Amino acid sequence: MESNRELGATIILIGMILFWVVSTIRKNRQAKQKQKILLEGIEANATVLNIEPTGEYLNNLPEYQMKVKVQDDKGADFVAEVREILSYSKYDAMKQGSQVLVKYDPEYYNRVIFLQTA
């Protein structure tokens, strides 16, 4: 009976460690992508098409999933999805049709970051 508890505790501990490792790798990858876009990305204007909360929070600030229509440097439009932590006041100011300043990765248009929100 005692060995079953130890085995169960070990499995839970290994699961927690794996979750932490995967989360850390994912966050580091996203931070590197964001840094690359800040350095090498192309600045453009975008229009907010949709904004919805994801249900996740960071430092008591909600994360939102947004669809934006970006006009690239050649005048063509494309739609990208962005996940961003926003304060409640920025969320209130950002509505469908709002204009925002973004940078996008010219190699992969779906990678977009906000420079300035509403």
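Table for the structure above
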| quantity | calculated |
| --- | --- |
| Hits in the stretch 80-111 - residues which are without any contact (Cβ under 8 Å) to a residue 40 or more places away in the chain, in contact with an Asp or Glu (Cβ under 8 Å, 6 or more places away or on another chain) and of a type in the set (F, W, Y) | Y109 |
| Candidates K103, K90, K69, filtered to the one that is within 24 Å of K27 (Cα to Cα), under 17 Å from the mean Cα position of the chain (by Cα) and assigned to a strand (DSSP E or B) | K103 |
| Check on K74, modelled with pLDDT of 85 or more and of a type in the set (K, R) | no |
| Residue match in the stretch 1-18 (condition: outside the structural domain of L101 (by TED's automatic domain parsing) and within 18 Å of the chain's Cα centre (by Cα)) | no |
| Residues of the stretch 90-118 classified as loosely packed, with under 15 Cβ neighbours inside 10 Å, of a type in the set (D, E, K, R) and at pLDDT 85 or above, total | 1 |
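Table: residues versus (1) surrounded by 10 or more Cβ atoms within 10 Å (Cβ to Cβ); (2) more than 20 Å from Q65 (Cα to Cα); (3) modelled with pLDDT of 90 or more; (4) not small (G, A, S).
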{"position": "I12", "(1), (2), (3), (4)": "yes, yes, yes, yes"}
{"position": "I25", "(1), (2), (3), (4)": "yes, yes, yes, yes"}
{"position": "Q30", "(1), (2), (3), (4)": "yes, no, no, yes"}
{"position": "Q33", "(1), (2), (3), (4)": "yes, no, no, yes"}
{"position": "L39", "(1), (2), (3), (4)": "no, yes, yes, yes"}
{"position": "A44", "(1), (2), (3), (4)": "yes, no, yes, no"}
{"position": "T47", "(1), (2), (3), (4)": "yes, no, yes, yes"}
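The values are calculated or read from the model by the stated rules, or taken from the named source; none is laboratory data. Not measured: the values here are computed from a predicted model. Ideal geometry is used to build each Cβ from the backbone, glycine not excepted, and the neighbour counts take in all protein chains shown.
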